[in-house]
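These notes are about the structure you will find just below.
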Amino acid sequence: MTHMIEVTVFVSAALVMALVAGVFLAFSDFVMRSLWGATPETGIEAMQKINREVYGSAFLVALLGLAPVSLGLAGYAHWGMDGPAAGWIIAGGLIYFGGTILVTMLGNVPMNKRLDLMVLTAPETVSYWQVYARRWTRWNHLRTVASAIGAACLLIGSVLYA
């Protein structure tokens, strides 16, 4: 029974990581391009509103909730599992944490906070938007890939463990 619970936890975490990757992919694929293609004031205002709304979202619960889960799974696999499945679970947890959580906290969030404090119509805000949109999107590409690879690693580890 314990074995089935472990596999269920691994697969569930992988599915949530994949959902997080999907949200990031939407931003990288078309949301940021659309905001970049709008007038600077429109793009800035929309991004400011998006960044404020995310704080009360289910997405944020999934994104941040996976931080301790990913490290916990990596630790569990390291100390409680043997074989190739353990390596995949460890990789999945660490890739998600490093490439998604740390990049979010050290890359995207500081940029979001800076943009949020800026006056919408100020010239320096429009100048910053040119930098923000490109740099933020690059960081987001990394988060997308890390979340997707983390999910894939967990699924491979689950299959090998099952």
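The values are calculated or read from the model by the stated rules, or taken from the named source; none is laboratory data. This one's a predicted model, so the numbers in the text were calculated from it and none came from an experiment. No Cβ is skipped: glycine too gets one built from the backbone with ideal geometry, and neighbour counts run over all protein chains shown. Accessible surface areas use protein heavy atoms only, side chains included; no ligands, DNA or RNA. Shrake-Rupley method; radii C 1.70, N 1.55, O 1.52, S 1.80 Å.
For Arg138 and Tyr55, what does the FRET efficiency come to when R0 = 22 Å and r is the distance between their Cβ atoms, rounded to the nearest 0.05? Efficiency, from the Cβ-Cβ distance: 0.45. Averaging the sequence gap over all C-alpha pairs within less than 8 Å and six or more residues apart, then dividing by the number of residues, gives the stretch 71-154 a relative contact order of 43 percent. Averaging Cα coordinates gives a centre for the stretch 40-69 and one for the stretch 98-162; these two points are 11 Å apart.
Helix 40-53 and the longest principal axis of the C-alpha atoms of the chain enclose an angle of approximately 40°. Report summary: the helix-based calculation at 222 nm, which adds -39500 (n - 2.57) for every DSSP H run with n ≥ 4 and divides by the residues of the chain, gives -27000 deg cm²/dmol. Solvent exposure of the stretch 13-130 amounts to 51 Å² per residue of accessible area, where only protein heavy atoms count and the probe is 1.4 Å. First measure r as the distance between the Cβ atoms of Ala162 and Lys113, then evaluate 1/(1 + (r/R0)^6) with R0 = 30 Å and state the FRET efficiency to the nearest 0.05. After rounding, the FRET efficiency stands at 0.10. For the stretch 1-112, the relative contact order is 25 percent, taking Cα pairs closer than 8 Å that sit 6 or more residues apart in sequence and dividing their mean separation by the residue count. Which percent of the accessible heavy-atom area of the chain goes to carbon and sulfur, probe 1.4 angstrom? Using a 1.4 Å probe with all protein chains present, the chain comes out at 72 percent carbon and sulfur.
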